[in-house]
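Any read-out appearing in this document is the output of simple, stated calculations on the displayed coordinates, not a laboratory observation. A quick note: this is a predicted structure, and the numbers were derived from the prediction, not measured. Note that we place each Cβ from the backbone using ideal geometry, even for glycine, and neighbour counts take in every protein chain shown.
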C-alpha cells in the first residue's frame, strides 16, 4: 500500500485527519496549500507546500511520493477563483471540463484526474469519525414549538441550497429564510442573518449536507468559532445534520454553547429526518 496524501487547507480538519491516519498506521503526508492559512504545526517533516494553481506540480508530487490515496481536508476560500490567479495548463484543462465553476463540478473533475493516475480520493469521514455526532439535543434548554418549526423549516431549505450547490447554511426566523450562504461563506451569512433578527434574538442557523452528499468533498463543518459568530450576531440556535456534519472539538463546542446559553441540536440524517427525543436531555459528551 502506498502513501496517503492529505491535501490540506486551513483549520483543524487536516490535523485531526493526520492524527487519526497516523494512529491507524498510515504512511501519510500533507500537501499544504499555500493559498490557505494551513500550518504544518508539528508535522513539518511530513509536509510538502504546494500551490492550488499549480495542479501539474501537485500531480507530479503525488506520483513521485508513491501516493495511492488522497484525502481533501480544510478550508480554501472559494472566491480565489475570482481573484485573477494564474493557473497552470493542467489546472486550466481541468476547469475547462467542468459544467460550471461551482464547487462540486470542480471537485469531480479533480477526482477524475486523480483516478486516471490510479489515485483514489477517499471519504472525508474515514479519519474524522470522532467529529460526527449522533442525533439529539446537546444543550439543556428545551425548545418551544416555534423553535422546532424553525429548525424543521431551516433544515429543509439548507438541504435544498446544498443540493443546488449554492451553499450549506441558512439563517431562519419565524419560518422565513433570512440569509442564504453563497461565496461569502458561513461567518458573513450568520452576521447578515443576525442583523435582521437581533432584536428578537431568535434566529436559527441551519447547516446541512446535500441529500446525496459525496463524502469525498466539502462535508459541512462547524466549531466554536461558528458559535462565537452566532453569539455576536444574536443568533440563538445551531442545528446540523447527524452523521453528515463535522464538529471540530465536539466537547468544546457543547461546553461553549451551554455556557453562552446557545442551543445546539443535531437533526436526524437525510434518511430519517427529525429530532427524535428532542425534548429529552441527552447524556453529555
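Sort 163-173, 136-146 for me by packing, meaning the mean count of neighbouring Cβ atoms within 10 Å per residue, highest on top.
163-173, 136-146
Extending each Cα 7 Å along its Cβ direction at residue 164 and residue 188, get the distance between those two points in nm, one decimal.
Simple spin-label model gives 1.8 nm for this pair.
If I model a spin label at residue 109 and residue 251 as a point 7 Å from the Cα along the Cα→Cβ vector, what separation in nanometres do I get?
So the label points at residue 109 and residue 251 sit 4.4 nm apart.
Kindly provide the helix-only [θ] at 222 nm of the chain, computed as the sum of -39,500 (n - 2.57) over DSSP H runs of four or more divided by all residues, to the nearest 500 deg cm²/dmol?
So the helix-based figure for the chain works out to -10000 deg cm²/dmol.
Which order, highest average first, do 116-125, 15-24, 65-74 follow once you tally other Cβ atoms within 10 Å for each residue and take the mean per peptide?
65-74, 15-24, 116-125
Tell me, what is a quarter of the convex hull surface for the C-alpha atoms of the chain, in nm² with one decimal?
14.9 nm²
Output the 0 to 90 degree angle, nearest 10, between the alpha-carbon long axis of helix 145-163 and the longest principal axis computed from the alpha carbons of the chain.
20 degrees
Given the peptides 184-196, 45-57, arrange them by the average over their residues of other C-beta atoms within 10 Å, most packed first.
Listed from highest to lowest mean packing, they are 184-196, 45-57.
Run the simple label-point estimate for residue 35 and residue 149 please: 7 Å along Cα→C-beta, distance reported in nm.
Going from the residue 35 label point to the residue 149 one covers 4.5 nm.
What are the extents of the Cα atoms of region 3-121 along their three principal axes, listed from largest to smallest and rounded to whole Å?
Its Cα atoms span 39, 29, 21 Å along the three principal axes.
Between residue 93 and residue 258, what FRET efficiency comes out of the Förster formula 1/(1 + (r/R0)^6) with R0 = 41 Å and r the beta carbon distance, rounded to 0.05?
After rounding to 0.05, the efficiency reads 0.25.
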